[in-house]
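This report refers to the structure that appears directly beneath it.
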Amino acid sequence: MRSPKDFFAPLAVGAPDPVREIPALPSRMIHFFDPGNEKMAAKVPDLAKKVDVLLGNLEDAVRADRKEAARAGLVSIAKANDFGATQLWTRVNSLDSPWVLDDLTTLVTEIGDKLDVIMVPKVEGAQDIHYVDRLLAQLEARAGLRRPLLVHAILETASGVANVEEIAGASPRMQGISLGPADLAASRRMKTTRVGGGHPGYLVRTDPVGEDLHEGRTTYQQDLWHYTVARMVDACVMHGILPYYGPFGDIRDVVACEDQFRNAFLLGCVGTWSLHPVQIDIAKRVFSPDPKDVAWARRVIAAMGDGTGAVMIDGKMQDDASFKQCRVVAELADALAERDPELKEAYDEATKEVQQ
């Protein structure tokens with residue numbers, strides 16, 4: 001068994017030291033693009049100004065005969081662009097595929113200094129992360145990288161859900177975990193063909209009134225992913241990494257997309273995937289705290305001082321627990337405000353109104 005003292009030691013001679021704390025950079029939307037698609041590649045410079053994370057996708061949605069072109073395209077895009085404060089991620093092919101070894105070898109050695117995070121699909125247990133961890137250290141040493149690449153796992157198999165706690169704590173490289181609802185639904189044999197979101201057949205019904213079992217009984221559609229997202233959030237928070245919702249496949253249904261994103265936000269997710277430009281603004285809006293909530297949080301923090309004791313504000317009791325809740329909102333708002341001048345202005349204006 002490996003000693004805990006060795007957990008933060010490099011796994012290869014010459015590799016950079018592992019990070020001890022995952023940077024909480026804004027990552028409200030992880031925007032996917034196909035780097036082998038010339039039209040999409042041409043839009044990268046403009047997209048980089050609009051999103052928190054750009055992800056060059058090499059796995060699903062890239063045909064088998066286009067895998068090498070997508071990989072080469074990502075290398076070219078990374079070398080040709082300055083992404084500024086926008087993070088550059090990639091999703092490599094699954095660990096059981098014939099492409100993943102070339103994905104990792106090529107990307108780390110050629111553009112490892114540009115990449116921030118490597119997303120690994122279909123992670124089933126800590127053993128998958130351990131394999132990637134050691135290989136990345138060897139490649140980082142070969143490439144002479146000065147900072148370690150981080151790893152993001154996708155939760156899309158029943159085994160992955162069952163082992164989510166050990167996955168979250170498998171390596172100092174672990175940056176976060178995303179829900180992968182489509183593959184997870186198939187793995188669980190769930191009877192849905194939707195990519196994320198609810199299902200009209202998954203519902204609860206009010207009790208009958210009188211003898212008629214059908215008349216007047218209201219139904220409420222439920223969230224198929226509530227349990228999995230909540231468990232994923234707990235595992236991530238336990239190990240100091242970040243939880244994300246994954247894809248919402250019905251691009252046209254922007255209302256249901258926003259509802260699903262907000263459910264994830266309220267449960268503790270810090271961001272989501274965007275598969276189409278129309279989802280970028282939805283993710284930005286949902287995963288940025290409302291200015292009124294930020295103003296209230298700042299007011300409570302100011303009134304609580306050192307965070308101990310209890311105070312009454314507008315007839316509502318605030319104590320150390322609500323103080324901690326308000327710090328979560330306020331600290332996220334401060335981080336986003338540093339990147340987004342419009343948000344900063346909205347947050348500051350709302351705060352002034354509350355103080356008057």
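The values are calculated or read from the model by the stated rules, or taken from the named source; none is laboratory data. These figures come from a predicted structure and were not determined experimentally. We place every Cβ from the backbone using ideal geometry, glycine too, and count neighbours over all the protein chains shown. These accessible areas exclude ligands, DNA and RNA; they are computed on the full protein's heavy atoms, side chains included. Shrake-Rupley method; radii C 1.70, N 1.55, O 1.52, S 1.80 Å.
Rounded to the nearest 5, what % of the DSSP beta bridges within the chain are antiparallel ones?
On the way: 7 of 35 bridges.
The answer is about 20 percent antiparallel.
Using alpha carbons only, how many degrees (0 to 90, rounded to 10) separate the axis of helix 126-143 from the longest principal axis of the chain?
50
Rounded to the nearest 0.05, what FRET efficiency is calculated for Met190 and Glu211 with R0 set to 41 Å and r the Cβ-Cβ distance?
Details: r = 35 Å, r/R0 = 0.86.
Here the calculated transfer efficiency is 0.70.
Using a ≥ b ≥ c from the Cα gyration tensor of region 1-145 (square roots of the eigenvalues), is it rounded, prolate or oblate, where a/c under 1.5 gives rounded and otherwise the larger of a/b and b/c decides, a/b for prolate? Kindly include the intermediate steps, with their values, before the conclusion.
Numbers: a/c = 1.82, a/b = 1.45, b/c = 1.26.
It is prolate, given that a/c is not under 1.5 and a/b is the larger ratio.
Taking the Cα centre of region 167-254 as origin, work out the dipole magnitude from +1 charges on Lys and Arg Cβ and -1 charges on Asp and Glu Cβ, in debye rounded to 20. All intermediate terms of the calculation are to be shown ahead of the outcome.
Details: 9 positive and 9 negative charges, 102 e Å.
It comes to approximately 500 debye.
Towards the positive end of the charge dipole of region 78-214, with charges on Cβ (+1 Lys, Arg; -1 Asp, Glu), say which of Val117, Tyr202, Leu184 has the farthest Cα.
Result: Val117.
Restricting to Cα pairs below 8 Å that are 6+ residues apart, what does the relative contact order work out to for the chain? Please round to a whole percent. All intermediate terms of the calculation are to be shown ahead of the outcome.
Values: 630 pairs, mean separation 51.0, N = 356.
Once normalised by length, the contact order is 14 percent.
Could you work out how far the C-alpha centroid of region 31-65 sits from that of region 158-221, in angstrom?
28
Looking only at Thr157, Thr105, Thr206, which one moves most when the chain is put into a Gaussian network model with springs between Cα atoms under 10 Å?
Thr206
With +1 on the Cβ of every Lys and Arg and -1 on the Cβ of every Asp and Glu, and nothing else charged, how large is the dipole of region 4-287 about its Cα centre, in debye rounded to the nearest 20? If you can, show how the numbers build up before the last one.
Values: 31 positive and 37 negative charges, 112 e Å.
So the magnitude is around 540 debye.
Please calculate how many Å² of accessible area region 291-355 carries per residue, with a 1.4 Å probe and no DNA, RNA or ligand atoms counted. Walk me through the numbers on the way to the answer.
On the way: 4100 Å² over 65 residues.
Here the residues of region 291-355 average 63 Å² of exposed surface.
Test of understanding: what is the full-extension gain from Leu203 to Ala256, defined as 0.36 nm times their sequence separation minus their Cα-Cα distance?
Values: separation 53, 0.36 × 53 = 19.08 nm, distance 1.59 nm.
Length gained between Leu203 and Ala256: 17.5 nm.
What FRET efficiency do you get for Gln221 and Lys43 if R0 is 35 Å and r is their Cβ-Cβ distance, rounded to the nearest 0.05? Let's see the in-between values first.
On the way: r = 35 Å, r/R0 = 1.01.
According to the calculation, E is roughly 0.50.
May I ask you to derive the FRET efficiency for Lys292 and Arg63 from their Cβ-Cβ distance with R0 = 56 Å, giving the value to the nearest 0.05?
The calculated FRET efficiency here is 0.75.
With angles folded into 0 to 90 degrees, how steeply does helix 277-286 sit against the dominant principal axis of the chain? Use alpha carbons for both and round to 10.
50
Give me the angle, in degrees from 0 to 90, between the Cα long axis of helix 226-238 and the longest principal axis of the Cα atoms of the chain, rounded to the nearest 10.
For helix 226-238, the angle is close to 70 degrees.
Given Cβ point charges of +1 (Lys, Arg) and -1 (Asp, Glu) and nothing else, what value in debye, to the nearest 20, does the dipole of region 89-175 about its Cα centre take? Working shown, then result.
Details: 8 positive and 13 negative charges, 64 e Å.
Its charge dipole is roughly 300 debye.
What order do His199, His152, His276 take when sorted by accessible area (1.4 Å probe), most exposed first? Walk me through the numbers on the way to the answer.
Details: His199 50, His152 0, His276 80 Å².
Sorted descending by solvent-accessible area, the residues read His276, His199, His152.
When only C-alpha pairs under 8 Å and at least 6 residues apart count, what is the relative contact order of region 233-348, in percent?
Details: 128 pairs, mean separation 22.4, N = 116.
Dividing the mean separation by the residue count of region 233-348 yields 19 percent.
Can you give the relative contact order of region 90-228 as a percent, counting alpha carbon pairs under 8 Å and 6+ residues apart?
Working: 214 pairs, mean separation 26.0, N = 139.
So the answer I get is 19 percent.
Local charge sum around Asp17 (other residues, Cβ-Cβ under 13 Å, Lys/Arg +1, Asp/Glu -1)? The partial results should precede the final answer.
On the way: positive: Arg20, Arg146, Arg147, Arg173; negative: Asp6, Glu21, Glu140.
Charge balance near Asp17 sits at +1.
Longest segment of the chain with no trypsin sites (Lys or Arg not before Pro) in a DSSP loop having at most 13 other Cβ atoms within 10 Å? Walk me through the numbers on the way to the answer.
Details: sites that count: Arg2, Arg20, Lys49, Arg63, Arg146, Arg189, Lys191, Arg217, Arg252.
In short, 253-356.
For Cα extents along the principal axes in Å, the choices are (1) 61, 45, 37; (2) 66, 56, 49; (3) 96, 69, 47; which was calculated from the structure?
The value matching this structure is (2).
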